[in-house]
Amino acid sequence: MSVDNYLVVGKFGKTYGAKGWLKVTSYCQPNVAILTYDKWYIKKNGFWQELALQDTNKMNDKVAVLVAGCTTPEEARLYTNLEIAINKNQLKKISENEHYWINLKGMQVVNYNGEELGILEYLFTAGNNDVMMVKGEKKHLIPFIKSIIINVNYEDNKIIVDWDTNF
């Protein structure tokens, strides 16, 4: 499988307990959604390799796992700070009005007049809305909401927005 087939969804944190449990920093929303993926991968020697989990634990919105074969904190520490990935084919199908952020990143953003605003660098959540950080000649923080997003065109790698270049 090519490197492009993997998506980083979290990373291992500190160990806890005497049996080698690892805390997980999840990049999923909600955090516990990382546990819905049945196959996790870690990078070893430059290649993504499947990782077997022995057990998982949800603690409110926090996640911890026990890696198969790890029975002590010392063994588990070998995984601390390693990124956790999934194969992109594990992503659930979404409607045409929904978008995975990873698919939007790097797209060109233009307004309805065809004026280029820049490239979508990243998205973040602010209150009830997602917001695009678009970098061009200027930086633009553009809400990712229906009234502003006119079209997302994956074929042309372009997002068309109702947004003034001076705003």
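The values are calculated or read from the model by the stated rules, or taken from the named source; none is laboratory data. Quick caveat: nothing in here was measured; it's all calculated off a predicted structure. So basically every Cβ, Gly included, is an ideal-geometry build from the backbone, and we count neighbours across all protein chains shown.
Structural remarks
- Segment 31-41, residues that are out of contact with any helix residue (DSSP H, G or I) (no Cβ under 7 Å at 6 or more places or on another chain) and surrounded by 10 or more Cβ atoms within 10 Å (Cβ to Cβ): ASN31, VAL32, ALA33, ILE34, LEU35, THR36, TRP40, TYR41
- The number of residues in segment 14-30 being exposed (fewer than 13 other Cβ atoms within 10 Å of the Cβ) and hydrophobic (A, V, I, L, M, F, W, C) comes to 1.
- Residue that is nearest to GLN90 (Cα to Cα), among those in segment 41-77 that are of a type in the set (Asp, Glu) and under 21 Å from the mean Cα position of the chain (by Cα): GLU50
- Boolean, ASP38 is within 19 Å of the chain's Cα centre (by Cα), in a helix (DSSP H, G or I) and of a type outside the set (A, V, I, L, M): no
Residues are listed down the side, and each one gets a yes or a no for (1) in contact (Cβ under 8 Å) with a residue 60 or more places away in the chain; (2) in contact with a Pro (Cβ under 9 Å, 6 or more places away or on another chain); (3) outside the structural domain of VAL9 (by TED's automatic domain parsing); (4) among the acidic types (Asp, Glu):
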| site | (1), (2), (3), (4) |
| --- | --- |
| GLU116 | no, no, yes, yes |
| GLU121 | no, no, yes, yes |
| MET132 | no, yes, yes, no |
| GLY136 | no, no, yes, no |
| ILE142 | no, no, yes, no |
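- Residue in segment 49-72 that is crowded, with 17+ Cβ neighbours inside 10 Å, of a type in the set (A, V, I, L, M) and at pLDDT below 95 present: no
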